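The values are calculated or read from the model by the stated rules, or taken from the named source; none is laboratory data. If you're wondering where the values come from, they're calculated on a predicted model, not measured in any experiment. As a convention, Cβ positions derive from the backbone with ideal geometry for all residues, glycine included, and neighbour counts pool all protein chains shown.
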Amino acid sequence: MAFKPGVEGLRLYTVPEVAGMLRVKKGYVYELIYTGRLQAIKLSERRIRITNDQLMQYLEQETQGRAEN
């Protein structure tokens, strides 16, 4: 099976995994996704995944926003 460049190291997390990492409830992660604050990949109607890059981007935005206030 051939992969596109950069896909080999791709890490995909489920909503419960991200919630555990952030120590928040799953509902809050869904809220972040649906309001556009956290980008996610919708694999199907019920399957959502968040890449490590998307999670890091969200965390950077949040920490920069707090530092500016």
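Data for the structure
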| read-out | value |
| --- | --- |
| Test: residue in the stretch 22-36 that is surrounded by fewer than 13 Cβ atoms within 10 Å (Cβ to Cβ) and touching a Ser or Thr at 6+ places or on another chain (Cβ under 8 Å) | no |
| Condition met for GLY36 (of a type outside the set (A, V, I, L, M), within 15 Å of the chain's Cα centre (by Cα), modelled with pLDDT of 95 or more and assigned to a loop (DSSP other than H, G, I, E, B)) | yes |
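For (1) modelled with pLDDT of 95 or more; (2) assigned to a helix (DSSP H, G or I); (3) of a type in the set (Gly, Ala, Ser), each residue gets a yes or a no:
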{"position": "MET1", "(1), (2), (3)": "no, no, no"}
{"position": "GLY6", "(1), (2), (3)": "no, no, yes"}
{"position": "GLY9", "(1), (2), (3)": "no, no, yes"}
{"position": "MET21", "(1), (2), (3)": "yes, yes, no"}
{"position": "VAL29", "(1), (2), (3)": "yes, yes, no"}
{"position": "GLN54", "(1), (2), (3)": "yes, yes, no"}
{"position": "TYR58", "(1), (2), (3)": "yes, yes, no"}
{"position": "ALA67", "(1), (2), (3)": "no, yes, yes"}
